[in-house]
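Enquirer: Just dropping this structure here.
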Amino acid sequence: MRAGRDDPLERPQRGLHRSEPVDKSRLAAVGYFLGSTVPKRVQPPRVLNVLLISGVTLALTLFGYSTTQIYLRFSEPPTAQEAGPTAPDTSERLAPSSGPATEESGKASAEMVSVVSYEAVASSGSGFTGEVTVTNTGSALLKDWELALEFADARVTSVADAEWRATENGVVASEPARADGLEPGDSVTLSFTAEGRTQNPVACSLNGSPCDWGAADSAAQD
């Protein structure tokens with residue numbers, strides 16, 4: 001070798017440190033420690049996520065409302081047109097039932113036949129006295145009877161043996177409270193006084209039906 005020159009083997013080699021092995025485990029531990037000490041920045045919720053959640057909530061609400069509407073609509077009663085076929089007319093089938101009712105009514109009327117007779121027994125210049133007899137000619141008890149008489153121009157002032165009330169042109173007499181009705185074949189006679197000329201009744205009814213005058217009284221009415 002020449003004197004005064006460095007031995008190339010003795011020169012320091014550049015970049016030799018790059019080829020040296022690196023302890024990666026230590027560097028990783030240091031990096032993890034440094035990363036854990038630095039506060040991480042919290043990302044704010046994205047607008048897309050908020051809109052998605054809001055849309056799902058709104059859809060569920062609308063679905064529940066529509067389900068309620070469908071349930072209520074199904075629970076409504078059917079209208080008159082949708083109620084189905086109308087009931088068949090039963091008037092023709094019910095008509096024959098009136099026959100027995102009429103027969104029973106006629107039978108009851110036959111059991112309650114009564115005859116009324118009238119006679120003027122006294123008269124004066126200002127009034128007269130009359131007697132009315134009610135006879136039960138039926139086959140059933142005549143209970144709570146009511147007799148109405150009407151005159152042309154007379155005013156009844158008193159009635160014996162009956163409950164009574166004066167009307168504009170006559171009187172309404174009824175069975176006394178202590179009486180037990182008229183048995184078949186029994187009769188009751190009412191005596192009354194009236195103001196006016198002696199006259200016969202122009203109208204008579206027993207329990208709301210026209211009087212059935214007796215034979216003698218029918219001649220007097222004629």
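The values are calculated or read from the model by the stated rules, or taken from the named source; none is laboratory data. Predicted model, so just to flag it, every value in this text is computed and none were measured. Methodologically, a virtual Cβ is constructed for each residue, glycine included, from the backbone with ideal geometry; neighbour enumeration extends over all protein chains shown.
Enquirer: From ALA152, ALA173, ALA148, which residue is assigned to a loop (DSSP other than H, G, I, E, B), under 19 Å from CYS211 (Cβ atoms) and hydrophobic (A, V, I, L, M, F, W, C)?
Expert: Details: ALA173 fails: assigned to a loop (DSSP other than H, G, I, E, B); ALA148 fails: assigned to a loop (DSSP other than H, G, I, E, B).
Within the list ALA152, ALA173, ALA148, the selection yields ALA152.
Enquirer: Does VAL172 meet the test of being under 16 Å from LEU206 (Cβ atoms) and surrounded by 14 or more Cβ atoms within 10 Å (Cβ to Cβ)?
Expert: The answer is yes for VAL172.
Enquirer: If you don't mind, there's one more thing I want to ask. Is region 200-209 home to any residue that is among the hydrophobic types (A, V, I, L, M, F, W, C), assigned to a loop (DSSP other than H, G, I, E, B) and at pLDDT 95 or above?
Expert: Checked region 200-209: at least one residue is among the hydrophobic types (A, V, I, L, M, F, W, C), assigned to a loop (DSSP other than H, G, I, E, B) and at pLDDT 95 or above.
Enquirer: Could you look through region 120-145, keep only residues that are not hydroxyl-bearing (Ser, Thr, Tyr) and not in a strand (DSSP E or B), and pick out the one that is farthest from the chain's Cα centre (by Cα)? Even if it seems obvious, please write down each step before you answer.
Expert: Going through region 120-145, the residues not hydroxyl-bearing (Ser, Thr, Tyr) turn out to be 120-122, 125, 127-128, 130-132, 134, 136, 138, 140-145.
Right, trim to not in a strand (DSSP E or B) and you get 125, 138, 140-141, 143-145.
Details: GLY125: 65, GLY138: 45, ALA140: 42, LEU141: 41, LYS143: 38, ASP144: 37, TRP145: 39 Å.
Checking each candidate, the answer is GLY125.
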